[in-house]
1. Using a 1.4 Å probe on the protein heavy atoms, what percent of the accessible area of the chain belongs to carbon and sulfur?
2. As I understand it, the dipole of the stretch 64-133 uses +1 on the Cβ of Lys and Arg and -1 on the Cβ of Asp and Glu, about the Cα centre. Which of ALA87, TRP73, ASN120 lies farthest toward its positive end?
3. Can you list the lysines whose alpha carbon sits under 23 Å from that of LYS58, skipping same-chain ones fewer than 8 residues off?
4. Would you mind working out the magnitude of the charge dipole of the chain relative to its Cα centre, with +1 at each Lys and Arg C-beta and -1 at each Asp and Glu C-beta, to the nearest 20 Debye?
5. Helix-derived [θ] at 222 nm for the chain: sum -39500 (n - 2.57) over DSSP H runs of at least 4, divide by residue count, nearest 500?
6. Enter the angle in degrees (range 0 to 90, nearest 10) between the Cα long axis of helix 81-101 and the first principal axis of the Cα atoms of the chain, meaning the one along which they spread out most.
7. Roll a 1.4 Å probe over the protein chains and send me the accessible area per residue for the chain in Å².
8. Let me check I have the definition right: for the chain, take the eigenvalues of the Cα gyration tensor, multiply each by 5, take square roots. What are those semi-axes in whole Å, largest first?
Amino acid sequence: MNAITHLSSTATSNTALAAALSAVGIPLAEKPLVRVVGDGIRGERVIWFFEPQSACGKYLTSELIAAWSDNGWHIANPEHPFAYIKAALMNRESLVTKIKQDVPLACISRRGKFAFLPLNASPQTEDLFLRYL
């Protein structure tokens with residue numbers, strides 16, 4: 001395996017994947033990351049580099065990187081530690097997406113009463129809420 005092949009099979013720009021690899025004991029490479037700007041992407045991209053296997057020798061980096069991209073891998077390997085980590089990070093991503101899609105509520109209090117009003121409420125709805133306070 002040449003150096004380019006090795007680097008590409010043990011590198012990722014997905015920080016969640018990098019965290020998952022670290023969690024199962026895959027050590028970062030001697031030069032753990034590079035920050036790339038100006039390659040046609042917006043802003044900056046970080047590429048994480050890892051050793052080819054976990055410190056204990058039990059897990060191969062390239063196999064876990066492939067497992068991350070396989071949507072059914074964690075279902076087929078439910079007891080694998082990486083499956084738990086992958087599922088947790090996927091769930092976190094879904095929860096964060098849900099939060100970003102949700103409309104925040106404003107907490108309004110008057111005379112000891114509280115109301116929660118969506119920030120995108122119409123003026124009519126806002127008036128209705130405020131009348132009851």
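1. 57
2. Ranked along the dipole, the leading option is ASN120.
3. List returned: LYS31, LYS86.
4. Values: 13 positive and 11 negative charges, 139 e Å.
The dipole of the chain has a size of about 660 debye.
5. Calculated from helices alone, the mean residue ellipticity at 222 nm is -13000 deg cm²/dmol.
6. Tilt relative to the chain: about 30 degrees.
7. 70
8. Details: eigenvalues 424, 73, 30 Å².
Whole-Å semi-axes of the equivalent ellipsoid: 46, 19, 12.
The values are calculated or read from the model by the stated rules, or taken from the named source; none is laboratory data. From a predicted model like this one, the values you see are computed outputs, not experimental measurements. Cβ sites come from the backbone with ideal geometry, for glycine too, and all protein chains shown count toward neighbours. When the accessible area is computed, the model is the full protein with side chains, heavy atoms only, and any ligands, DNA or RNA have been set aside. Shrake-Rupley method; radii C 1.70, N 1.55, O 1.52, S 1.80 Å.
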